[in-house]
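What follows is calculated from the coordinates using simple rules that are stated; it is not laboratory data. As the structure is a computational prediction, the values presented were derived from the model and not from experiment. Note that each Cβ is placed from the backbone with ideal geometry, even for glycine, and that neighbours are counted across all protein chains shown.
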DNA sequence: GACGGTCAGTCATACGTATGACGTCGCGGA
DNA sequence: TCCGCGACGTCATACGTATGACTGACCGTC
């Protein structure tokens, strides 16, 4: 339809390329010819938006992108480029008069001036852009993490780019190093979920202390080389297990995710500690990839064992769905014959029949907290490891065991 | 813990700040002192990585970020900065010898050189970054769109930043203009979902033909000012409705989303056309926000009407969940007493009992196609409007009506 | 009337890369 | 001997912004 490389189409009949030799002569450090008569616009009086002196170069010149630059604004306002920059940065406590500020602002508005980000990035040595590394945005949890992180970043004028490692549930994780390194110099920092990276040292090779790029980890073990932001899922797991034990369950099985990461390891530890606190409790477990069919099969092996459990603690809501399907396949009613719990409070937790008792994870807040920590780090501060509370949601999938 | 602003910590005992006066003298356009003896490294023979001449400035100098520049690589390799640039860009058909190329590559590797993106953005006038505007990434559909778009972008060396307008279901949509304008100059193009923007003209003011920024719309009416990429949901709706009519249903109600957008309007049209093709069919409908509780209430009003429907066609799987809950509340069995269909094939479609007959939407492919169109547009080509097929998934929630 | 101080701006430059315009060397043909 | 040419690199510069150093005018003071 239309070529994007053409001009902006603003109707303008001025000369397309003004005589550059003038500007060139000014730029040269040699003989400053025009410096003998400084502030030529001032001789006319007060700076104003309408150009009175030079009649040929009022509309924005367009080197290539068709966008006006601070030089164009300066010309229109009758001031120098530095003044435009000062005004735009808001740094004129005693350097620029109110009237000039107004003139510059009017000129900027008239031209629709937006500062060129690439130029200021180059000049300032910072890009105000951070990378978010997550397993997959198709997982609503990480979608929420992204949203939270974006909000926190936007509040401090940062942008977020996402590198979604194509991990999926239990699949191979990609070494982030190579694709990540490409954008390396365009980044000020990295916020990475530990479940998205192959190994932590993999990341620490290019980011983190020691390497050049500030790094904050999500869902990662504190004290391992980078500040962390976590959800206290272990507490949730403890509460869940204690809740079941309090209902009287003594044969409690655990359906756990086949993923080697700190978050899942800490769930296991919390479960064990909670169980150990109540004497006479038997446990069993099965490991499974994080998919519904796999979880169903794994749950069936638990239910078909010699001493079937009266309660099934699942590492994740997805696994709980598998437990539901397995229970239905064996004719077990939830919660009368089998109590089931999940973790995550994903969208379908209330779609299940009965509604699932689970632990809600503040994903949005996790993204916010992690991003805040990263931006603090960028400001030179040393953020503390943060841990966000998980909330136990008692719904309808748990009940005392049958006598 | 650690300050990110400090040096990279590479153990190096060289002088931290090499005498800059030398470099300055070279950079000046005035008396080119050293140009009388060109290629000083060549006098030693072949360029090599180990620096033999100057013993003090082999390690990368660090002006501020601690990262080596092409100048550092040039110094180490004994060539000029231009040569480094040529080698790195792969543009040396007859300009650089193999040996020099190797030397440059070795030097780059030794220093861990990465070209500064900000500088090349400035130089090239392009950022290789596009903006993706979606309602919310917490919606897995848009998460998948993002993943597809990212893959297509990465394949052509582009990055994607996301601006998630906090829309949610039926809530107010944000005018994208302001926050979007902030990053304007840092973008090469925009890929926007029509359900994320207030009005199309809102976007067209800053992007699209006429404004400076190439734009491709997702889920938007073709021919409205920007190239589009769509999913043929209308076809899916037709297939769904025809399927129900084929089963014998003659009282078909529609649960529709309270969102004014092209995608939903086209579903309605498709439904009407399909119904009109079969004589003697009665229809009813209810509009509802896109949440489960609202949908449940709306579905109840339909079921409680004077002539209750035997089939309920829902604009979205979320609404179908409401239909399930309403049916359960009225003691209706699905599909024996009531057939239900959805659109979207979201994760819980198979969690429902019975599994939901719906239409799967190729979200990933939509993102890919849209991004491809945008990148074609950036290349100066004129992409066609694309339409992706939606697939009808016949599962267990539909059956012939009771006699 | 010379001097110090404030106000209001400008000047020049650097950030790091990409690239068109030049040199220089060596060799082969006339 | 001289010219032309290909191979190999370098030079200089521009991209647009931010900012330390500087300057001119004006004003009050001794």
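One table, with the values for the structure above:
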| quantity | calculated |
| --- | --- |
| Pseudo-label separations to other copies for residue B:293 - Cα-to-Cβ vector, 7 Å, nm | 3.7 |
| Per-residue Cβ neighbour rank within 10 angstrom, fewest leading, A:325, B:91 | B:91, A:325 |
| Between region A:317-363 and region B:67-140, the alpha-carbon center distance in angstrom | 52 |
| Fewest-first sequence of B:283, B:138 by Cβ atoms within 10 Å of each Cβ | B:283, B:138 |
| Average beta carbon contacts from partner chains per residue of B:316-325, 10 Å cutoff | 1 |
| Axis-proximal residue, chain A, for the rotation superposing A on B (Cβ, Å) | A:348, 2 |
| Calculated label separations, residue A:66, copies of the chain, 7 Å along the beta-carbon direction, nm | 4.3 |
| Position residue A:97, label points 7 Å along Cα→Cβ, spacing to each other copy in nm (shortest first, one decimal) | 6.4 |
| Taking B:304, B:284 and counting other C-beta atoms within 10 Å, the order from fewest to most | B:304, B:284 |
